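Chemist: I'd like to ask some things about the structure below.
Coordinate-derived values only; no laboratory data. From a predicted model like this one, the values you see are computed outputs, not experimental measurements. Every residue, glycine as well, gets a Cβ built from its backbone with ideal geometry; the counts of neighbours run over all protein chains shown.
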Amino acid sequence: MNISLLHRYRYLRLNGLWLSPSEIPQRLSTHVDDLLSLDSLHCTSRVGTCVLLKVNNRFFGTCTQHQLIGRDPQWIGVNISDDRTVQTSGGYLTVQNADELIGDLALFDFTEAVSEDGLRADRFFALNGESIVANGDDVIGMVAFGYLDSDQRLTVEYEDRLPLGYQTTALHQVLRPLSCRYAGVGSDPTAFRFEIVDEVSGSYSGLSGGPIFAVVREKPLSFCLKFAGIVTHASAGLGWGIKADSIFSRISLREWA
């Protein structure tokens, strides 16, 4: 389903709100961020895409564990403003005893940052039984969001200060929506497949950790948007994601390590 086709629908419901098609990309992009790593020497580097989720009054930055390879999780955070980054300083949580795809899930707990550091609560998408794709839903199209590596640009400048040069960075972030089609499930109960409709020059590197939302037909002339899951990997126009209901149930039951 091409994103432009959303305009054939007059309104779509999202978490209790009725939105016009022109409002949808901006509204959904609010819940996506580019994870950053800021170390003790003030060096900033990109980690990759994450989705901000609210579950039972707790606020999480969620991504995949393979995005964090070689990174110190205590230094990973998200932007509050152009010049402020907030970190959890506590590492990340993982799902317990998971051999399925959901075992790649990583959860950064930003609850304290929301209550004390000015991280806006409305940036987090509220997961509940009504906002996630369920078995039997009539999914007619999907939209994935990601900060593709090829789209980003990080400008680095140095200032001569003893004893070490001080590094300042400017990150020019570009979030790309990609039209997708639901492609079914396999043997893994926590995973689903999707096809990427939009053409991308180069690889899909950077899409991992991003959210994918679904357009669901509720009645013949009534449609809504639901959270379908988190992208784990994509290649040659085909992607895999962790199902939203698996994410919601594991977080709700606190099945993490």
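Chemist: What whole-number distance in Å separates the alpha-carbon centres of the stretch 24-78 and the stretch 102-144?
Modeler: For the stretch 24-78 versus the stretch 102-144, the Cα centre distance is 13 Å.
Chemist: What is the sum of charges around Arg181, taking Lys and Arg as +1, Asp and Glu as -1, for the other residues whose C-beta is under 12 Å from the C-beta of Arg181?
Modeler: -1
Chemist: Hey, another quick one. When the chain is fully extended, how far beyond the present Cα-Cα distance does Gln152 get from Leu38, taking 0.36 nm per residue of separation?
Modeler: Difference between extended and current length: 39.3 nm.
Chemist: Where in the stretch 51-66 does the label zone of Asn128 land, with the point 7 angstrom along Cα→C-beta and an amide N cut-off under 19 Å?
Modeler: It comes to 52-60, nothing else.
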